[in-house]
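Quick notes on the structure that follows.
Quick note: the coordinates plus some simple rules give every number you see, no bench work behind them. All figures in this text were calculated on a predicted structure; none of them were measured in a lab. Virtual Cβ from ideal backbone geometry, glycine too; neighbours counted across all protein chains shown.
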Amino acid sequence: METLHAPWRIQYILGPKESPGEVSLFTRIGQSSDDIANLVVARARTCFVVMNRYPYNGGHLLVAPYRQTPDLDGLTDEELAELFRLVRNCQQVLRRVMKPDGFNIGINIGKVAGAGVENHLHAHVVPRWNGDTNFMPVVSATTVLPEALEALGARLRGAFNES
């Protein structure tokens, strides 16, 4: 089994966390109009796509409904359908822009399952490449992201607008 290292995520892990009753990070991002600062790359009627600020891999996208709910049971049929349409659209855009060899796609529900924002459901779309785990994390606790988040965000935003 290969291990995917993401040491830059320590900022997120050690940082303050929201309490379950608070307005979530995704609610705040969804309500904001500053898509560039918030790394939002696509918006639809009930859900939106945002780049992960602490990615496991370059191009790590998150799809979240505007409405805050902790799990799938809280979504309407329309929200559920749009969430998965956007997940599929993320795959298509990432294939076109970044040309990955595969994807990890998933939803973590509850703290024990690894949900970092457990009060607001969101799906992860992580592009993967053959050999994307290499000697850098092992030797120097460093992961190489080949492109700055803002630059990649601009490319992805353009690709979403085309699709």
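Legend: calculated FRET efficiency, R85 to N130, from the Cβ-Cβ distance at R0 = 35 Å, rounded to 0.05, equals 0.80.
The gain in end-to-end length when the K99 to Y54 segment is fully stretched comes to 14.1 nm, 0.36 nm per residue minus the alpha carbon separation. Which net charge results for the neighbourhood of L75, defined as the other residues with beta-carbon distances under 15 angstrom from its beta-carbon, given Lys and Arg at +1 and Asp and Glu at -1? Neighbourhood net charge equals -3. With 0.36 nm allotted per residue and the present C-alpha distance subtracted, the S32-R155 stretch has 42.2 nm of extension available. Taking only alpha carbon atoms, the range 50-130 gives an Rg to Rh ratio of 0.97, where Rh is the Kirkwood radius. Here the simple spin-label model places points 7 Å from the Cα toward Cβ, and for D77 and E22 these points are separated by 3.6 nm.
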